[in-house]
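Participant: Following this message is one structure expressed as structure tokens.
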Amino acid sequence: MASSRVSGLLLHPTSLPSRYGIGDLGPAAHAFLDALVTAGQQVWQVLPLGPTGYGDSPYQCFSAMAGNPLLVSPERLFAEGWLTADDLAPLAALPTEVADFDRLIAPRRAMLDAACSGFRRQATPAQRADFEAFRDAEAWWLDDFATFMALKDAHGLRSWTTWPAPLRDREPRALAAARQVHAGVIEAHAFAQWQFCSQWQALRAAATARGIAIMGDMPIFVAHDSADVWARPDLFDLRPDGMPRVVAGVPPDYFSATGQLWGNPLYRWDRMADEGFAWWVARVRSTLGLVDRVRLDHFRGFVAYWEVDGAAPTAMHGTWRRGPGPALFDALAAALGPLPIVAENLGFITPDVEALRTGFGLPGMAILQFAFGTDPQAPDFLPHNYTPDRVAYTGTHDNDTMLGWARGGAGDSTRSVEDARRERGYAEAYLNAGDEGLHWAAIRAVQASVASTAIVPVQDVLGLGSESRMNVPGRPSGNWRWRMAPGALTPAHLEALRDLADLYGRLPSGQARWASGPREEQAPDSSREAERQEQPS
């Protein structure tokens, strides 16, 4: 990034507007890059990009290495000639105001299968060679993932622990036979991954050309029903039948009065250490092949994590266990060099967690919305207590919107009406929220802070309420559905963001009006227009 102080927006690609049921990597994603440039923003933060499974959560994916095929742009497949207008018709009938996963998954999958068939019929020799090169280069994870997904298809999408024992336990003969029987479906899953990777890298290159860094997100744990656990069960704490002996979660906190029972299997850190943390090195290297920086979720779990019995109904009762600590990050740094990681240091943070973070020079997070409560750590989130090694947020994907929070919150079981009223009063007084509204006062506060990076969810820029919340922790369904309406980010929004970035030294070098004199008008970049894809008729 061009300057030491930067700002950006948080928006997952699924929330982008599109004609086909869910946001994707097509024209709207490239248009969003242009909006970021206009707004003087230098960071686009996204959620995990993996193929979503249970509850449609990007934090519960079928693979830690694969991309989400729901993000593949139909427009770009149409432009390649692999889809027809008839193939797109079922997608055009999907709702555009929310991502309705129950309705969109089947037609999006059918669209990808149709595109794979079109590729088989019409691909040029160069395209076929590109696909085969991708399969060869990514075989270390792609072979297992594509086979895993084909076997899930063949077994009614049931968890791998319910498959016949020879397949569940990866008996070599059974696995070889299954790969032969399901070769066509395996190829279709590999094709979808190739297209995700191609489209994502085109988007990332466009971001880089505009001076925009993409910040990704990496969950500490992986889903039990995933290719990762099926392929390497020895690295996880499982019973002989493959079910988790113990699972991950966090004790009660400001997100949930009963804690959060994530249900992910826990790692066998001893076995990972014996292999030099090779699985983690491969995972982080793969992620950094997609993004410029990565937010490492639940960083405190690398020091100590909350272990809950696999049969427990909530996370209220568990045991703290020691994590890998510096040994893991030493291995990552030795293999990958300086680590462009943001540590999600929220929750029950102890001095040893902060020592691990600062010892590796990793910035932490500060959430303004947490600053006005009664938690002992609340003062740490007040902007006058920030330090430069912070990424400051008004809120994250797990928070209510700023206005929703001020109005009492949706799905918030940790605050009484009286607490909500007191916290809002404190926030309004602290932020000096006047005519501009509480959400813009909050945006101004994180922008003005000494934190090196300031990130704002798009919902807060738009001044939306709880109905636009992305996730309610602990709620098993109904999350991840929010989508931005076409044209919602207006020129006035973008100008206001740019003015704040200008005032508080977060514009790209050479663009500051107050520090460097009037900005020169720049001619439109004609190369950007070449990236636009024609809409199929």
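Derivation of every value follows stated rules applied to the coordinates shown; laboratory data play no part. Keep in mind the model is a prediction, meaning the values are calculated, not measured. So basically every Cβ, Gly included, is an ideal-geometry build from the backbone, and we count neighbours across all protein chains shown.
Participant: How large is Rg/Rh for the stretch 372-466, to two decimals, with Cα atoms and a Kirkwood Rh?
Facilitator: My calculation of the ratio gives 0.93.
Participant: Can you list residues whose amide H is under 5 Å from residue 236's amide H, if they're 5+ apart or on another chain and H is modeled 1.01 Å from N?
Facilitator: Placed amide hydrogens put 268 under 5 Å from residue 236.
Participant: Calculate one ³J(HN,Hα) per residue across the stretch 382-399 by plugging θ = phi - 60° into the Karplus curve 6.51 cos²θ - 1.76 cosθ + 1.60, and present them in order as whole Hz with x for glycine and proline.
Facilitator: Using θ = phi - 60°, the values come out as 6, x, 6, 9, 5, 10, x, 7, 9, 10, 9, 10, 6, x, 10, 4, 8, 8 Hz.
Participant: Which one, 45, 26, 159, projects farthest toward the positive side of the charge dipole computed for the chain from Cβ point charges (K/R +1, D/E -1)?
Facilitator: Towards the positive end, the residue furthest out is 159.
Participant: Something else about it: Give me the extension gain from residue 322 to residue 475: residue separation times 0.36 nm, minus the current Cα-Cα distance, reported in nm with one decimal.
Facilitator: Computed gain between residue 322 and residue 475 is 52.3 nm.
Participant: Can you tell me the mean projection area, over all orientations, of the convex hull of the stretch 205-292's alpha carbons? Units nm², please.
Facilitator: Projected over every direction and averaged, the Cα hull of the stretch 205-292 covers 8.1 nm².
Participant: Check which residues have an amide H placed less than 5 Å from residue 483's amide H, if you skip close sequence neighbours.
Facilitator: 99
Participant: Rounded to the nearest 500, what is the 222 nm mean residue ellipticity of the chain from helices alone, with -39500 (n - 2.57) per DSSP H run of 4+ residues and division by all residues?
Facilitator: -12000 deg cm²/dmol
Participant: Please get the size of the charge dipole for the stretch 1-123, origin at its Cα centre, with Cβ charges of +1 on Lys and Arg and -1 on Asp and Glu, quoted in debye to the nearest 20.
Facilitator: Here the stretch 1-123 has a charge dipole of around 260 debye.
Participant: Could you tell me whether the stretch 61-130 comes out rounded, prolate or oblate from its Cα gyration tensor? Rule is a ≥ b ≥ c as square roots of the eigenvalues, rounded for a/c under 1.5, then prolate if a/b exceeds b/c, otherwise oblate.
Facilitator: oblate
Participant: Also, I was wondering about something else. If you take the charge dipole of the stretch 284-355 about its Cα centre, with +1 on Lys and Arg Cβ and -1 on Asp and Glu Cβ, which of 290, 332, 350 is farthest toward its positive end?
Facilitator: 290
Participant: Could you tell me which of rounded, prolate or oblate describes the chain, using a ≥ b ≥ c as the square roots of the eigenvalues of the alpha-carbon gyration tensor, with rounded for a/c under 1.5 and, failing that, prolate when a/b is larger than b/c and oblate otherwise?
Facilitator: In terms of gyration-tensor shape, oblate.
Participant: Can you tell me the dipole magnitude for the chain around its Cα centre, using point charges on the Cβ only (Lys, Arg +1; Asp, Glu -1), in Debye to the nearest 20?
Facilitator: Once rounded to the nearest 20, the dipole reads 320 debye.
Participant: Hey, another quick one. Quick one: if you take sqrt(5λ) for each eigenvalue of the C-alpha gyration tensor of the stretch 166-224, what semi-axes come out, biggest first, whole angstrom?
Facilitator: Over the Cα atoms of the stretch 166-224, the semi-axes work out to 35, 18, 6 Å.
Participant: Still on this structure, please answer the following. Find how much the distance from residue 429 to residue 239 grows on full extension, using 0.36 nm per residue of separation minus their present alpha carbon separation; answer in nm with one decimal.
Facilitator: Stretched fully, the residue 429-residue 239 segment lengthens by 63.0 nm.
Participant: Still on this model: Work out Dmax and Rg for the stretch 270-347 from the C-alpha atoms and quote the Rg first, both in angstrom.
Facilitator: That works out to 14.2, 41 Å for Rg and Dmax.
Participant: What nm value, rounded to one decimal, do you get for the distance between residue 139 and residue 180 when each label is placed 7 Å out toward the C-beta?
Facilitator: That separation, rounded to one decimal, is 1.8 nm.
Participant: Run the numbers on the chain and let me know its relative contact order in percent, using alpha-carbon pairs under 8 Å that are six or more apart.
Facilitator: In percent, rounded to a whole number, it is 20.
Participant: Mind putting a number on the dipole of the stretch 462-511 about its Cα centre? Charges go on the C-beta only, +1 for Lys and Arg and -1 for Asp and Glu, and I need it in Debye to the nearest 20.
Facilitator: The calculated dipole for the stretch 462-511 is roughly 340 debye.
Participant: Report, to two decimal places, the Cα Rg of the stretch 85-186 normalised by 2.2 N^0.38 Å (N = number of residues).
Facilitator: It is 1.29.
Participant: Roughly speaking, what % of Cα-Cα pairs in the stretch 136-259 are separated by over 25 Å, rounded to a whole number?
Facilitator: The proportion of pairs with Cα distances above 25 Å equals 42 percent.
Participant: Separate question: Place +1 on the Cβ of every Lys and Arg and -1 on the Cβ of every Asp and Glu in the chain, take the dipole about the Cα centre, and give the residue among 491, 279, 501 whose Cα lies farthest towards its positive end.
Facilitator: 279
Participant: Under the Karplus relation 6.51 cos²θ - 1.76 cosθ + 1.60, θ = phi - 60°, what is the ordered set of whole-Hz ³J(HN,Hα) values for the stretch 126-132, x standing for Gly and Pro?
Facilitator: 5, 5, 5, 5, 5, 4, 5
Participant: Could you put 147, 258 in order, starting from the residue whose Cβ has the fewest other Cβ atoms within 10 Å?
Facilitator: Starting with the residue having the fewest Cβ neighbours, the order is 258, 147.
Participant: Which ordering of 402, 218, 243 is given by a fewest-first count of other beta-carbon atoms within 10 Å?
Facilitator: 243, 218, 402
Participant: Also, I was wondering about something else. Residues with amide H under 5 Å of residue 263's amide H, sequence separation 5 or more or different chain, H placed in the peptide plane at 1.01 Å from N; which?
Facilitator: 248
Participant: So what are the stretch 15-174's ellipsoid semi-axes, whole angstrom, largest first, if each one is the square root of 5 times an eigenvalue of the alpha-carbon gyration tensor?
Facilitator: 29, 20, 18
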